[in-house]
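Working notes, beginning with the structure itself.
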Amino acid sequence: MTRVLSRLENQGLPREAIAERMSDLRNVLKMRTRNFMADRALADSLPPVRPFEFYLQKYSTPPHNLTGDALYNRIIEGSLTPNPGVNAQFGIKH
């Protein structure tokens, strides 16, 4: 994911476009991973895959109140950060 981020940044795309692409890519990876899981009940019990617009709303309102590049950078950061609850559920140490 960090390589993709570097490529997008090197292309000179606006932060909003980068944030949206990174969010979308993370969602694709989540959905593909869940599709490969043999334990369907476990796959279905994972947190929902949320669209880019969800994160725009989440981080632009209280308590975060982010705007502009700060908002997009937070979304990008989240796209690169594992979910500690899911990792703990699967015994993954990061």
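A few remarks follow.
- Within region 61-76, tally of residues that are among the charged types (D, E, K, R) and loosely packed, with under 13 Cβ neighbours inside 10 Å: 0
- Of all residues making up region 2-17, the number that are assigned to a loop (DSSP other than H, G, I, E, B) and surrounded by 13 or more Cβ atoms within 10 Å (Cβ to Cβ): 1
- Residues of region 25-60 that are of a type outside the set (A, V, I, L, M), surrounded by 11 or more Cβ atoms within 10 Å (Cβ to Cβ) and farther than 13 Å from Tyr72 by Cα: Arg26, Asn27, Lys30, Thr33, Arg34, Arg50, Pro51.
- Residue within region 77-84 that is out of contact with any strand residue (DSSP E or B) (no Cβ under 9 Å at 6 or more places or on another chain), polar (S, T, N, Q), assigned to a helix (DSSP H, G or I) and surrounded by 16 or more Cβ atoms within 10 Å (Cβ to Cβ) present: yes
- Meets criteria (at pLDDT 95 or above and either in a loop (DSSP other than H, G, I, E, B) or over 16 Å from Thr81 (Cα atoms) (or both)) for Glu20: no
- The set of residues in region 28-63 being in contact (Cβ under 8 Å) with a residue 24 or more places away in the chain and either part of a loop (DSSP other than H, G, I, E, B) or of a type outside the set (A, V, I, L, M, F, W, C) (or both) consists of Leu46, Pro47, Pro51, Tyr55.
The values are calculated or read from the model by the stated rules, or taken from the named source; none is laboratory data. Everything quoted here is computed from the prediction, not taken from an experiment. Because the Cβ atoms are built from the backbone with ideal geometry, glycine has one as well, and the counts that use them run over all protein chains shown.
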